[in-house]
1. Mind listing whichever residues of the range 231-277 are among the hydrophobic types (A, V, I, L, M, F, W, C), at pLDDT below 85 and assigned to a loop (DSSP other than H, G, I, E, B)?
2. Can you tell me which residues in the range 17-52 are among the aliphatic types (A, V, I, L, M), within 18 Å of Tyr177 (Cα to Cα) and in a helix (DSSP H, G or I)?
3. Let me confirm something: among Arg27, Arg54, Arg39, which residue is of a type outside the set (Ser, Thr, Tyr) and out of contact with any Ser or Thr (no Cβ under 9 Å at 6 or more places or on another chain)?
4. Checking the conditions here, which among Ile249, Ile259 is among the aliphatic types (A, V, I, L, M), closer than 18 Å to Asn325 by Cα, surrounded by 15 or more Cβ atoms within 10 Å (Cβ to Cβ) and touching a Gly at 6+ places or on another chain (Cβ under 6 Å)?
Amino acid sequence: MSKSEQKVVQYLGEAHASEIGLVSVLRAQIAMTPRGSYRDRLEKHLGETQEHARRIRERLGELGQGRNPVHMVVGFAETLISQSVALTKTPFDLLRGSGGEEKVLKNAKDACATEALEIATYTALERLATGVGDDQTAKLAASILADEERMLEHVMREIPKLTDAVVAADVEGKPSYDITKTGAADSTHEAAHEVKQSARETQARARRTARQARKVPGVAQVEGQIKGALASEEDLAIPRYDSLTAEEILSKLPELSQIDLAKVDSYERKNDNRTTVLSRVSALRRQEPWPGYDELTVAEIEAVLSEGDEQRTKDVATYERARKNRAGVLRSTERETANT
């Protein structure tokens with residue numbers, strides 16, 4: 001894949017992650033919006049957004065993203081970020097504002113900001129694709145851009161009407177919408193459940209994809225770096241990481257997989273940035289005996305060693321002694337060495 005194709009794939013991946021996150025947010029907003037022109041437009045745009053995600057995913061497949069494990073891992077991280085933002089934002093959307101009218105208005109204002117970001121995303125994608133001669137992606141971006149611009153125009157036309165409803169309800173005491181009596185509360189609960197279920201399904205698919213991708217050399221480290229850049233202390237394989245001294249962390253590093261080492265590396269660099277920890281992590285982040293080694297159990301490693309590859313047996317022994325030092329694996333390397 002050329003550099004220009006890689007850059008197009010990157011921008012397409014970012015757009016796809018944004019669309020996936022927007023699907024969840026739209027569902028939640030629709031659930032608490034009364035029947036009328038604004039809700040109708042939200043429902044139409046939900047369908048458009050789902051179609052946008054499908055078309056982008058199809059284009060990514062045509063460009064070979066599905067065959068590139070590094071891109072798969074990056075896409076996996078971006079999608080989880082978008083889903084996490086949707087999950088965090090949805091409960092807040094349901095509580096904001098003094099009444100149903102104001103909740104809907106605030107959501108509409110958010111929709112304007114979201115559409116502006118979408119417009120910027122597809123403007124950049126179209127320009128990039130045109131610049132590198134990818135006419136098919138440029139046409140795709142232009143088509144989606146037109147949908148986003150229409151959506152922004154429609155929401156802007158709704159803002160004055162939604163604001164008038166807030167004035168009538170909160171100033172004049174003439175509410176037109178009660179979330180507890182319109183059925184929107186029940187719909188909201190269902191929408192929140194759908195968002196969580198969608199996130200769980202996305203995460204499960206992403207984990208399966210990531211496990212496959214880790215079998216390619218170097219991908220585990222890339223995945224770990226991405227996760228570490230986003231991680232909190234609770235996401236690390238070392239419990240209570242922030243409360244430990246450098247010496248305590250050093251003693252636990254050899255037990256970690258390549259992915260977890262990469263996560264620690266990114267996390268440490270964005271926080272304390274201790275040279276002793278980073279140097280030890282760097283020393284331990286050597287290439288696995290074969291792709292996906294750190295994902296295997298002792299029994300699975302023993303099965304591979306039984307094939308009798310002398311160099312592979314030596315590599316496993318060296319790697320294992322420097323890392324987890326598992327007795328079962330080391331006994332197998334000794335047995336295979338004796339048999340050669």
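The values are calculated or read from the model by the stated rules, or taken from the named source; none is laboratory data. What you see is a predicted model, and the numbers here were worked out from it, not measured in a lab. A quick note on method: Cβ atoms are made from the backbone with ideal geometry, for glycine too, and the neighbour counts reach across all protein chains shown.
1. Of everything in the range 231-277, just one residue is among the hydrophobic types (A, V, I, L, M, F, W, C), at pLDDT below 85 and assigned to a loop (DSSP other than H, G, I, E, B), namely Ala231.
2. Initial filter on the range 17-52 (among the aliphatic types (A, V, I, L, M)): 17, 20, 22-23, 25-26, 28, 30-32, 42, 46.
Retained after the next criterion (residues that are within 18 Å of Tyr177 (Cα to Cα)): 28, 30-32, 42.
Within the range 17-52, Ala28, Ile30, Ala31, Leu42 qualify.
3. Values: Arg27 fails: out of contact with any Ser or Thr (no Cβ under 9 Å at 6 or more places or on another chain); Arg39 fails: out of contact with any Ser or Thr (no Cβ under 9 Å at 6 or more places or on another chain).
Residue meeting the stated conditions: Arg54.
4. Numbers: Ile249 fails: touching a Gly at 6+ places or on another chain (Cβ under 6 Å).
One residue alone meets the criteria, Ile259.
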